[in-house]
Amino acid sequence: MLLEESLDAQELDDLNRALALSLQDIEPPIEREPVYAAAEPRTFIWDGASRTLAESSDVGGSKRRLVDIPDDSEHRGKKPRLERELRIKELTETENHQRMREEIRRKALNPVQLPMKYKGGALRLTRTPGRNRVNTVSLEDLIHPTELTSAFVFAYCIENDFLFKYFPFKTCQNYRSHCLVYVGRDLAMDPQGKECAARIFGAMQVQYSGLSSVHVSERTLDGENFKAIYPYVPGGCIHSKMMVLIYPDFLRLIITSANLIQSDVLFADNMWYIEDFPRLSSEAAEKYEETKFEATLIDHLEALGCPETFLEMYLNVAAFDFSAVKVHLVTSKRGSSSKEDAAENGQLALRRIVRDKILQDYTDDTLPQMEFEVCVGSVGKLEVEGVVKSLLESCAGNRQKSIEGLPALKMIFPTLDDGAGNIGSHIVWKSLARNSAEYLKRIFYHYKSKDEGSLFHTKCILALRAGQPAALPLYIYLGSHNFSSGAWGKVVPEKCPAAAKKYGPVRLENVANFECGVVVKGEDIVGMLETTDWEDVVPYVRPSEANRYKEEERPFTMLPNNFSGPLVAGSGTGPNLLSLESAMDLVHILSAGDLFAPT
């Protein structure tokens, strides 16, 4: 009997399908610059094997080549192009089959099953230097390159040299060419993709001053299993931070506030939701019904440009069981939403989840008075009339009307003197009185990490019972959303009478960003920790009168500056305002010494 036959049939099938996906046509290097026409929002995929940039025919659709590859056989005196391609493919297939069979033999001889460490869901903090291992996590805990089948990784900012060492790329010890890893980000946020950006989006006049030039073709060093995803959304910010890791027996989903860079993953306060979803048996798959969580996840992955092949193989075929998930996924998608779509986007999605899933057991008489504790990496223009009220109404599921003013909101945010060069407030402090928002000065509290010295990048909302800050919260939100209309959108009246009658009196407008986070019911928090105190999930010292802002103190503010690199383009925060929350996010690119100046 062949060794392969001793493997689990499902595992062998996965390996064979992964191999089939990895055996793609190999094109020769690009020899001349392509010409691109301006188009609607598109998703571009960099193929490490063929060294070409391809466009999805739709957000999650199949690829079509944008680049015409010239036949250079006359110049190089080689065989005709078709014959060369067939030979390259033949060699590639042989090499990949050999690697695949070696892995099959290894797994058959060493049938070590990777445990589902996060079944049922987990809430964790970044394992910063001063924190012990309890309730903390690092990338080493999450990514197991020798067991990985495939992966989709997305973040606003990615540090290649730091992140890629955790995956089975050619530059690492555990290279496995058939294990496809899709790495997604905004093209404007990829220093190594700037040449492609200049070619594709030349009409946008994207500027990249301050960054060293790295030719895109050097991506071939990472191997043919590296696939770069660039979802292009003009004028928007793709801010989600998540990973979908496929292992033989389960899917691991990770949603976090952390960018995939050293400063965030090693030294900054960030929160993580992690859950392992088991593979469905063939019998269970026939009866399986898609969950709301699963549908929302697939929609968001499609919006981020996740390839159709990945979705069809691992998420659209009832491959994994999401039926036991307890948390609720809330996402933002750039643009405006009305009718049935409005309740699935931004703060109206949060409003629906809180109303229907968190507060559904409370009557109007038993509903507790709520107050909110918000800690985010960027604060929008809260002084604009109605912004605070609208956001807090959504946080309360639109079931608590009198919520503006003290003590409804406590904003945890560093001051100028805290030296927090890694966040930003867009509030115009002097305009608060003019906008009848003087009370906002009283809602701010200092951010003090429980691990003193850790950087600040947390994004969370605590829904508390008024006057009971230590009591178990009604829920906690964590993810990528900051506290701004750009992240959550603006709720406005629905002008169409028919739509208002059928779908409700409001619609959502002006969402600037793609965002992703989870809402966790208060009673489920402790079960997702390694300790018994719910406050262990909070990385900062809780607010009190002692750490409330003094009269002369101001939130840390990022000033307009002359830096016009890719971190500015498409931020939705103004033409010259640095959109990245963390100055430390730039530390591996250029000195941040002159990026921020106190006011």
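Below, the figures for the structure above:
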| item | result |
| --- | --- |
| Scan of segment 266-324 for residues that are outside any loop (DSSP other than H, G, I, E, B), surrounded by fewer than 19 Cβ atoms within 10 Å (Cβ to Cβ) and of a type in the set (A, V, I, L, M), ordered by number | Leu266, Ala284, Ala285, Ala295, Ile298, Leu311 |
| Residues satisfying the stated conditions in segment 435-485, i.e. acidic (Asp, Glu) and over 25 Å from the mean Cα position of the chain (by Cα) | Glu438, Glu452 |
| Residue within segment 442-459 that is under 17 Å from Ser394 (Cβ atoms) and either surrounded by fewer than 22 Cβ atoms within 10 Å (Cβ to Cβ) or at pLDDT 90 or above (or both) present | yes |
| Total residues in segment 115-131, condition over 20 Å from the mean Cα position of the chain (by Cα) and over 17 Å from His328 (Cα atoms) | 7 |
| Matching residues in segment 225-265 - criterion: being among the hydroxyl-bearing types (Ser, Thr, Tyr) and crowded, with 24+ Cβ neighbours inside 10 Å | Tyr230, Ser240, Thr256, Ser257 |
| Residue in segment 320-328 that is within 24 Å of the chain's Cα centre (by Cα) and aromatic (Phe, Trp, Tyr) present | yes |
| Unmet criterion (only one of (1) of a type in the set (A, V, I, L, M, F, W, C); (2) within 21 Å of Lys241 (Cα to Cα); (3) in the same structural domain as Cys460 (by TED's automatic domain parsing); (4) touching a Gly at 6+ places or on another chain (Cβ under 8 Å)) for Val327 | (3) |
| Counted residues, segment 155-183 - those being aromatic (Phe, Trp, Tyr), under 15 Å from His144 (Cβ atoms) and buried (at least 24 other Cβ atoms within 10 Å of the Cβ) | 2 |
| Residue within segment 538-548 that is under 30 Å from Lys292 (Cβ atoms) and either touching a Leu at 6+ places or on another chain (Cβ under 7 Å) or modelled with pLDDT of 85 or more (or both) present | yes |
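The values are calculated or read from the model by the stated rules, or taken from the named source; none is laboratory data. Nothing here was measured: the structure is a model prediction, and the numbers come from that model. As a convention, Cβ positions derive from the backbone with ideal geometry for all residues, glycine included, and neighbour counts pool all protein chains shown.
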